[in-house]
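Every number in this text was worked out from the coordinates using simple rules, so none of it is lab data. Fair warning: this is a prediction, and the values are worked out from it, not measured in the lab. Every residue, glycine as well, gets a Cβ built from its backbone with ideal geometry; the counts of neighbours run over all protein chains shown.
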Amino acid sequence: MSDPSSLQIVASKALGGAERWFIRFAEALAERGAPAELAIRRDSALDGHPLGALACHRLPFLTTWDPYSRHALSRLIARRRPEIVQTYMGRATRLTRLSPRGGPIHLARLGGYYKLSPYRHAHGWIGNTRGLCDWMVRQGLPADRVHHIYNFADPAVPVAPDTVAALRAHHAIPDDAWVLVTLGRFVPVKGQAHLLAALAALPERIAGRALRLVMVGDGPLAEPLRAQARQLGQEERIVWAGWQRDPRPYLQLADLVVFPSLEAETLGNVILEAWSWGRPLVTAEFRGARELTRHGEDAWCVPCADAAALATGIRETLGDETLRAALVARGRERVEHEFGRAVIMDQYLALYRRLAGG
């Protein structure tokens with residue numbers, strides 16, 4: 001059976017987690033040769049962003065109830081006649097109104113525990129964790145139309161060693177220093193404040209090597225976090241790398257990936273990135289991590305918002321080469337068999353075929 005045609009719709013103005021997934025998913029559809037097109041908000045952060053070989057339509061998407069955009073979207077769907085319409089986030093989903101009696105199937109993809117009123121009119125829902133799908137069913141969505149598919153991990157594509165060496169020199173990281181990397185927006189749910197407190201609790205050297213913490217990201221908590229680092233006397237041990245469109249050099253530079261998110265974190269793509277890049281991982285046990293990870297097997301897991309436990313996890317992992325190697329090996333194995341791009345895209349396209357054929 002051939003793959004059904006789809007229209008992928010996101011109406012956001014800014015670039016966040018859902019929009020980055022939209023880009024990666026669009027690239028994966030194009031890679032598979034799936035018949036798909038995109039619809040994005042005109043003059044948004046996505047407008048002008050490389051979106052691969054897929055046709056891209058630009059619509060106003062001015063407000064949640066914008067009748068002009070709703071009409072333009074309805075005309076686009078009628079003209080292109082996709083078999084599957086997949087929407088991301090509330091605005092795109094609210095503006096997509098399809099008949100329940102024949103025609104395209106409307107799938108709303110959720111990556112968080114959002115208020116469900118903007119999503120209930122869809123024909124089906126995709127959640128990126130089992131916990132999220134179970135929650136949607138408890139909120140009254142019919143279980144037979146709630147579909148669980150994880151995010152995939154992009155394959156690691158190493159950069160040139162000279163690039164990594166230049167990055168290390170640029171940030172004045174000593175050649176023998178451990179490099180701890182954390183990635184994420186500087187917002188409360190990411191828990192970076194607890195990581196800074198953990199860093200302050202760690203000794204100057206572990207296994208004879210100094211520590212450097214590389215903070216990859218930006219956001220509203222940037223200045224409070226910097227102030228906390230100054231107050232804790234940790235400025236010389238921290239590199240503020242800013243937001244990076246391409247984080248690959250930093251993942252390649254890392255000796256350890258640390259992910260200190262709080263309970264509200266739904267999935268945690270950084271977990272999958274660490275596994276894909278073959279980097280040992282210390283993570284807080286937020287709800288997504290509890291579903292994905294196995295303590296001592298593929299990650300070192302600690303309670304959320306517990307700086308002392310986070311410091312212990314970092315110290316234990318850096319101090320045990322055998323442990324690090326075991327975490328890396330098991331993480332790579334899980335990406336290959338459970339979270340690889342091919343594995344997850346097979347699940348998406350199988351769902352599309354089943355729904356379009358039904």
Subject >> Length-normalised contact order of the chain in % [C-alpha pairs under 8 Å, at least 6 apart] >> reply: 15 percent
Subject >> Pairs of alpha carbons in the chain whose separation is greater than 28 Å (percent) >> reply: 46 percent
Original post:
What percent of all Cα-Cα pairs in region 1-112 falls in each 10 Å bin, counting up from 0?
Top reply: 14, 51, 31, 3
**OP:** For region 50-152, state which chymotrypsin sites (Phe, Trp or Tyr not before Pro) are in a DSSP loop and have at most 13 other beta carbons lying within 10 Å of their beta carbon.
**Re:** TRP65
**OP:** Count charges around PHE186 for me, please; just the other residues with Cβ under 12 Å from its Cβ, Lys/Arg as +1, Asp/Glu as -1.
**Re:** +1
**OP:** Using the charge dipole of region 40-162 (Lys, Arg: +1 at Cβ; Asp, Glu: -1 at Cβ; taken about the Cα centre), state which of TYR68, PRO155, LEU132 has its Cα farthest towards the positive end.
**Re:** TYR68
Original post:
Restricting attention to region 106-205, which trypsin sites (Lys or Arg not before Pro) occupy a DSSP loop and are surrounded by at most 11 other Cβ atoms within 10 Å?
Top reply: LYS115
Original post:
Counting every Cα pair in region 134-193, what percent are over 14 Å apart?
Top reply: 77 percent
**OP:** Using only the Cα atoms, work out Rg/Rh for region 228-313, with Rh taken as the Kirkwood radius, to two decimals.
**Re:** 0.97
**OP:** Quick one: dipole size for the chain, taken about the Cα centre, charges +1 on Lys/Arg Cβ and -1 on Asp/Glu Cβ, in debye to the nearest 20.
**Re:** 1700 debye
Original post:
Based on the Cα gyration tensor of region 161-339, what are the three equivalent ellipsoid semi-axes, each the root of five times an eigenvalue, rounded to whole Å and given largest first?
Top reply: 22, 19, 17
Original post:
Which angle from 0 to 90°, rounded to the nearest 10, does the C-alpha axis of helix 307-318 make with the longest principal axis of the chain?
Top reply: 80 degrees
Subject >> Positive-end residue of GLN234, GLY313, PRO220, charge dipole of region 161-339 with Cβ unit charges >> reply: PRO220
Subject >> Neighbour-limited loop hits for GluC sites (Glu not before Pro), region 256-298 (at most 15 other Cβ within 10 Å; DSSP other than H, G, I, E, B) >> reply: GLU297
Original post:
Mind checking the angle between helix 341-357 and the chain's longest principal axis? C-alpha axes, 0 to 90 degrees, to the nearest 10.
Top reply: 20 degrees
Original post:
What is the mean projected area of the alpha carbon convex hull for region 156-253, to one decimal in square nanometres?
Top reply: 6.5 nm²
**OP:** Provide the net charge surrounding TRP300, with neighbours chosen by a C-beta distance below 11 Å and charges set as Lys +1, Arg +1, Asp -1, Glu -1.
**Re:** -2
**OP:** Specify the residue with the greatest mean-square fluctuation among ALA39, ALA308, ALA172, computed from a Gaussian network of the chain linking alpha-carbon atoms under 10 Å apart.
**Re:** ALA172
